[in-house]
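The values are calculated or read from the model by the stated rules, or taken from the named source; none is laboratory data. Quantities reported herein were computed from a predicted structural model and do not represent experimental measurements. Neighbour counts run over all protein chains shown; Cβ positions are idealised from the backbone, glycine included. Quick note on the areas: whole protein, heavy atoms, side chains included, nothing else; ligands and nucleic acids left out. Shrake-Rupley method; radii C 1.70, N 1.55, O 1.52, S 1.80 Å.
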Amino acid sequence: MTNLKKEMESNINYEYSFKSIFAQSLALAGPCFIQIGIGIELTCSTIIIGALANDKNNSGLQPLTDEQASWFGSLLFLFTPLGSALSSLTLGWFGHKTCMIITNIPFIASQIIFFYANSVETLYACSMLMGLSVGYSGGPSSAYIGEVCEPKLRGTLMSATNVFYYVGSLLFTLIYAITLEWRLTVLIGMSIPIATVALLFMTPQSPMWLLTKGESLKAQRTLAKLRGWPSQETCASKEFREMIAYTSSVIHDNDDIETDQNDETSSWGQLLQPEVYRPFRLLLVYIFFANLLSGIQYGPYLVSVFNEFGAPVNIEFTLAFSVFLSTIGGIMTIFLISKLGKRFLTFSTLSICSICYILIGVIGVYWTNSKPTTSWLVLILFLTTTFASSLGIMPIAWVLLTEIFPMKSRNITCSVGASMGYLISFFMIKYYLELSNFVNFYNTFTLFGISGLVGTVYFYFYLPETENKTLQEISEFFK
């Protein structure tokens, strides 16, 4: 095992020039714009629920009841598994590039319908369409990023891609803060998926996917393009040969599937193998705590949350400022993840979020005689968790999604993993209001904060360090 580790580590740096970084960054332009779109889609419910709560901005629609708001805010996450299932069925046939293009179709349709929406049922339909779009994009974009990036750049570039999710949310909230018209905001936001489609038509296919289709010459040319056209010897003798060896098992498994549909090495059957179900279990636990401590359950109701805090601030610009903090945190992750590693960032940011949540709960329940001071204090603590979660646990969750699964099952596990993550989000958002009414608004923060400390202990024992490791080496860890 030690010799294998040394051998893998010796293959991590392929001695490419700066052109390689530039070429890989260009290839990720399409996935970056997909993340901008996801940021817009996941922010739509926050903007619209808050706007409809204001009689001056209802635009013909009545303010939503708690039940209607919970459905509208959570339906997107309920339909992401369906989108993920569709992508897992089509990804092997169409490839990453085509699937990433397809994901923009329901996105564009939802924004058009939003603009003309005149009933709650129409809002539900738009949320479902966005769920299909977000779910369909998860597997193709995550797998694509994991396959086209060098091991030493994978974590950094994936973190950089995740920043664009926050950029999308920031742009959307700023547009609304300026216009105060949610219909105009969604109309302007529709330009993003249109631009995404244009970029994706210029995006190369994944070399690994081309190898699984037997197109080795095209795969080698594509890899050379992604690495800034290095010398033939550098590209072929090192990374490309390793890529061939890594994908050969996939081609072999596909041949087995054609002869025996019940073979245990089929794509779904591999979910039962240790190197697949162990990282899958870790991923689900990680996403649960990342969502819980990043405040995903508060997302659609942020306007009412800020109102509950009671600080004398402009709600629309406070919402935009919270997204701005997330963007800064995501940018810092790009530079810190390779230096500090994913384990340290996970422990530190999860602990900070947990402690801040507990403090919010304690202050809100027991320190009620100094309202102006406590209003500002709980708001600052909440914004601190927004920054900290975007610095560590949230982007790392999606980086892990691209890294910890073996190639032979990655298409399905990335899609299923992403869909399960969004399904967790659905339950958190749908039933948050009921939990809040049952235990009190501030007690939810205490409950979530204590849970986060439990998660920190769990990750100390079970979360491996994957930074600067090859995909093969990470796969070996879970066997």
By the Kirkwood definition, with r running over pairs of different Cα atoms, the range 270-478 has a hydrodynamic radius in Å of 17.9 Å
Expected sort for 189-198, 365-374 on mean C-beta neighbours within 10 Å, highest first, is 189-198, 365-374
With +1 on the Cβ of every Lys and Arg and -1 on the Cβ of every Asp and Glu, the dipole magnitude of the range 270-478 about its Cα centre, in debye rounded to the nearest 20, is 140 debye
accessible surface per residue for the range 20-203, probe 1.4 Å, DNA/RNA/ligands not counted, whole Å² -> 33 Å²
Of 123-132, 301-310, ordering from highest average Cβ density within 10 Å down gives 123-132, 301-310
For the range 270-478, whose charge dipole is built from +1 on Lys and Arg Cβ atoms and -1 on Asp and Glu Cβ atoms, the candidate among Ser294, Pro464, Ala320 with its Cα farthest towards the positive end is Pro464
With x for Gly and Pro, the residue-by-residue ³J(HN,Hα) of the range 352-366, computed from phi through the Karplus equation 6.51 cos²θ - 1.76 cosθ + 1.60 at θ = phi - 60° and given in whole Hz, is 4, 4, 4, 5, 5, 4, 5, 5, 4, x, 5, 5, x, 8, 9
Heavy-atom accessible area of Tyr166, protein chains in place, probe 1.4 angstrom, given in Å² to nearest 10, is 20 Å²
So, relative contact order of the range 20-203 in percent, Cα under 8 Å, 6 or more apart, is 39 percent
Taking N as the number of residues in the range 20-203, the ratio of its alpha carbon radius of gyration to 2.2 N^0.38 Å works out to 1.05
Sorted list, accessible surface of protein heavy atoms, 1.4 Å probe, largest first, for Val285, Val163 is Val285, Val163
Taking the alpha-carbon centre of each part, the distance from the range 347-418 to the range 120-194 in Å is 19 Å
With all protein chains present, the range 382-431 has a carbon and sulfur share of its accessible area (1.4 Å probe) in percent of 75 percent
